[in-house]
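**Student:** My questions all concern the structure below.
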Amino acid sequence: MDFSSKLLENAVYEMSQLPGIGKRTALRLVLHLLKQPNERTAHLSNALQNLRNSVMFCKNCHNISDVELCEICASPKRDETLVCVVEDIRDVMAIENTGQYRGLYHVLGGKISPMEGIGPQDLTISSLITKAKKGVIKELIFALSSTMEGDTTNFYIYKQLEGLDISTSTIARGIAVGDELEYADEVTLGRSILNRIPFEGSLKMN
């Protein structure tokens, strides 16, 4: 792709580094921004800078937040004895959109994947186990995607909980095997949360 401007080329290259954005799409976005008033581009730039410099992670659940304790963890209306284990912020948003869940979350920041060099130490599993040992949590819901990596992560955490008085469940298989939660429709995901099954039962099904 030939560019008449090095500035344009650099902007397109940086935009194309975003996931799902090819060079043609990046070029279209950059040219669109060029047509906008200067303040519009400035607002976008400031929003990204503020996000990068000021965003925090909740000290309790590791969800993205503006303050130390996110709104979900700080809410007295949430059931702190029920914790839903998810991969990342997109899964929290997907489940919240169903309006069917009133517990708390724990964001792992990924899944165990030896092929990608991601082990338990690279995730927030240790802080989850520390919370579990405090005795407040009564049930953990495993809501990772039903992939080999998701199932491996579920089982690893399950084994770490041995000896603790905590029940474990997994979302019902209304979510197709291999699907990511963020792409599930809200009705299906909501039903999967409400109709969750004991984790031990899911082991027998596999």
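**Student:** Would you say ARG40 is in a helix (DSSP H, G or I) and at pLDDT 95 or above?
**Tutor:** On the way: in a helix (DSSP H, G or I): yes; at pLDDT 95 or above: no.
Criteria not met by ARG40.
**Student:** Does the range 135-147 hold any residues that are surrounded by 22 or more Cβ atoms within 10 Å (Cβ to Cβ), modelled with pLDDT of 95 or more and part of a loop (DSSP other than H, G, I, E, B), and which are they?
**Tutor:** ILE137, the sole residue that qualifies.
**Student:** Let me ask something else. Of the residues HIS62, HIS106, only one is within 20 Å of the chain's Cα centre (by Cα), assigned to a strand (DSSP E or B), surrounded by 15 or more Cβ atoms within 10 Å (Cβ to Cβ) and modelled with pLDDT of 95 or more; which? I'd like the intermediate steps shown before the answer.
**Tutor:** Details: HIS62 fails: assigned to a strand (DSSP E or B).
After ruling out the rest, the residue left standing is HIS106.
**Student:** Being in contact with a strand residue (DSSP E or B) (Cβ under 9 Å, 6 or more places away or on another chain) and at pLDDT below 70 narrows it down to one of ARG196, ARG173, ARG191, so name that one. Give the derivation first.
**Tutor:** On the way: ARG196 fails: at pLDDT below 70; ARG191 fails: in contact with a strand residue (DSSP E or B) (Cβ under 9 Å, 6 or more places away or on another chain).
Residue meeting the stated conditions: ARG173.
**Student:** Shifting gears a bit: Checking the conditions here, which among GLY99, GLY150 is in contact (Cβ under 8 Å) with a residue 40 or more places away in the chain and assigned to a helix (DSSP H, G or I)? Quick ask: steps written out before the conclusion?
**Tutor:** Numbers: GLY99 fails: assigned to a helix (DSSP H, G or I).
It is GLY150.
The values are calculated or read from the model by the stated rules, or taken from the named source; none is laboratory data. Treat the numbers as computed from the prediction; the structure is a model and nothing was measured. Because the Cβ atoms are built from the backbone with ideal geometry, glycine has one as well, and the counts that use them run over all protein chains shown.
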